[in-house]
Amino acid sequence: EAGNPAVHYSILYLTTKLNNPHYTPDISIKTNIINFAIVAEGLQNQLLSLVVHYEQPKLEAIKTKVTEEIASCTREIDTLEDQILTALHHADGNIIDNIELIQTLQKSKTMSEQIKKNVLIAQETNKTTDLARQQYWPCAIRAALCFLVLNDLNQIDPMYQYSLQSYMTLYSQSIEKSKKKNNNLNNNNKRKHNEEEVLKQRIETLNNYHTIAVYNFACRGLFEKHKLLFAFQLAIEKLKSQDKLVYKEYSFFLSTSIELDEQCPEKVCTWLPDDAWYNIIALSYINEYKNLPHSFETNSSEWKHWYLSETPEEEVMPGEWSNIRSELQFIIILKCLRMDRLIYASKLFIKDILSEECIETPEFNLELIYQQSTNMIPLIFILSPGVDPSLQIKTLADKYGQKLSICSLGQRQAPIATKLIQEGAIHGHWVFLANCHLSISWLPTL
């Protein structure tokens, strides 16, 4: 009942952790469903604003101001239209004879026309700034892909959880720490193509730096068996961002199974195992590999030498396949023939696409981790039995001249830990809480 203060309404909010929940039509009709899931396009726009904010702060400031102006003008137009409708609704007698109403309408019309002109000017400015901002679009695409790879790790192990807020902090640090390679092009007389070259180098530097930073960031919390998988997926996503990934090939690499439309042709190489020959025939169903079985017939001895090599991933393939089009094609063929060398070939693939740093496990460097943290990002150590980082933390605290308080949690230790944290927040002291698993009931308070 509108206007009745005695009537109270309640709103019920329901949440789910499902990534892509499906609801029946009867539930969808009765509720407002809001999806907060991160999608690539929205994330790219956020990251674009962030990189432009650091690289071209004036440009981003203009973009923000123009966006606000357009929104403000749109609200003013809506307000004027509402005022006109209200005035017409409450007008008495003949509208033509109502001089006050006509003057109000005339004034509203003049204001509306001026506001619309302002909107058009703002929109033109917006187009110009958007055009300049689009130059940094490759950075936003790469950074978004890296986060989506991180976000998908929870499908491997639910422990792998990464917040967008922490990722934004990591990306900001990458932008600030990555060095600009201007190659002596920053002079007052540089030509337009030189400016474009500087920007191109800057984008490449930032993308490479951030990709390695993401790898190092993630590896601190990954089990050893998952690190290579993560690096491989980063390499695949980089190829996607550069439009160099053929999805048919990648799908075959993941499954290596295609149903043959007819009986498998007879082997042309007696030395080749049956399952390897079947894989080759299945691969030949993809157009780019249709001549691969014929290559085994015409270059049998060369393929045998390659197949029997201890390190085929380091050898050149026979015949026309010596000039193979991409690194992914190489490991697809290798997987068909020498599955035992796939791990080694994958490392070479990652090295070629990303860098050598992404096939090595980064050393545990507490000082580097500290430098990447903030006062809003605590450091949490998930330890194996018998591992104690307290000595390393104490050494780092001494190096930075920080007072360090250590509290081992357990029975009746929660009030002591609370007091240490409160004092640390005031004076900037470090607090190290050990054995948190012995005080699970207090952890929600922490």
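One line per residue, one yes/no per condition, for (1) among the hydrophobic types (A, V, I, L, M, F, W, C); (2) open to solvent by 20 Å² or more (accessible area, probe 1.4 Å); (3) more than 20 Å from residue 344 (Cα to Cα):
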{"position": "282", "(1), (2), (3)": "yes, no, yes"}
{"position": "291", "(1), (2), (3)": "no, yes, yes"}
{"position": "299", "(1), (2), (3)": "no, yes, yes"}
{"position": "303", "(1), (2), (3)": "yes, no, no"}
{"position": "307", "(1), (2), (3)": "no, yes, no"}
{"position": "317", "(1), (2), (3)": "yes, no, no"}
{"position": "322", "(1), (2), (3)": "no, yes, no"}
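On inspection, residue 332 does not qualify as within 26 Å of residue 235 (Cα to Cα), hydrophobic (A, V, I, L, M, F, W, C) and open to solvent by 80 Å² or more (accessible area, probe 1.4 Å). Are any residues in the stretch 419-437 farther than 23 Å from residue 383 by Cα and open to solvent by less than 70 Å² (accessible area, probe 1.4 Å), and if so, which ones? Residues satisfying the conditions are 424, 428, 429.
Annotation: of all residues in the stretch 222-240 being surrounded by fewer than 16 Cβ atoms within 10 Å (Cβ to Cβ) and under 17 Å from the mean Cα position of the chain (by Cα), the one that is farthest from residue 151 (Cα to Cα) is 240. Just one of the listed residues (62, 99) is open to solvent by less than 90 Å² (accessible area, probe 1.4 Å) and out of contact with any Asp or Glu (no Cβ under 8 Å at 6 or more places or on another chain), and it is 62. Screening residue 351 against (1) surrounded by 14 or more Cβ atoms within 10 Å (Cβ to Cβ); (2) in contact (Cβ under 8 Å) with a residue 24 or more places away in the chain leaves a single unmet condition, (2). A single member of 129, 125, 67, 74 is part of a helix (DSSP H, G or I) and farther than 30 Å from residue 175 by Cβ, and it is 74.
Screening residue 416 with (1) open to solvent by 30 Å² or more (accessible area, probe 1.4 Å); (2) under 17 Å from residue 370 (Cα atoms); (3) outside any strand (DSSP E or B) gives one miss only, at (2). For the stretch 163-172, taking the residues that are surrounded by 13 or more Cβ atoms within 10 Å (Cβ to Cβ) and either of a type in the set (Gly, Ala, Ser) or more than 15 Å from the chain's Cα centre (by Cα) (or both), the one that is modelled with the lowest pLDDT is identified as 166. The residues on offer are 377, 406, 416, and the sole one that is closer than 28 Å to residue 440 by Cα and under 32 Å from the mean Cα position of the chain (by Cα) is 377. Can you give me the number of residues within the stretch 374-410 that are in a helix (DSSP H, G or I), without any contact (Cβ under 8 Å) to a residue 12 or more places away in the chain and of a type in the set (Ser, Thr, Tyr)? Number satisfying all stated conditions: 1.
Selection of first residues in the stretch 101-117 that are under 22 Å from residue 90 (Cα atoms) and of second residues that are assigned to a helix (DSSP H, G or I) and small (Gly, Ala, Ser), restricted to Cβ pairs under 8 Å at least 6 apart or on distinct chains, gives the following pairs, ordered by first then second residue: 101/87; 104/87; 105/87. Among the candidates 152, 130, the residue that is of a type in the set (Asp, Glu), over 13 Å from the mean Cα position of the chain (by Cα) and either open to solvent by less than 80 Å² (accessible area, probe 1.4 Å) or at pLDDT 90 or above (or both) is uniquely 130.
Looking at the stretch 254-272, is at least one residue assigned to a helix (DSSP H, G or I), open to solvent by 10 Å² or more (accessible area, probe 1.4 Å) and in contact (Cβ under 8 Å) with a residue 12 or more places away in the chain? No.
Per-residue answers, yes or no, for (1) more than 11 Å from residue 119 (Cα to Cα); (2) free of Cβ contacts under 8 Å to residues at least 40 places away in the same chain; (3) in contact with a His (Cβ under 7 Å, 6 or more places away or on another chain):
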site: 52; (1), (2), (3): yes, no, no
site: 57; (1), (2), (3): yes, yes, no
site: 62; (1), (2), (3): yes, no, no
site: 74; (1), (2), (3): no, no, no
site: 88; (1), (2), (3): yes, yes, no
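Checked against (1) assigned to a helix (DSSP H, G or I); (2) modelled with pLDDT of 85 or more; (3) farther than 29 Å from residue 119 by Cβ, residue 28 passes all but condition (2).
The values are calculated or read from the model by the stated rules, or taken from the named source; none is laboratory data. Quick caveat, the model's predicted, so the values are computed rather than measured. Ideal geometry is used to build each Cβ from the backbone, glycine not excepted, and the neighbour counts take in all protein chains shown. Keep in mind that these areas ignore ligands, DNA and RNA; they rest on the heavy atoms of the full protein, side chains included. Shrake-Rupley method; radii C 1.70, N 1.55, O 1.52, S 1.80 Å.
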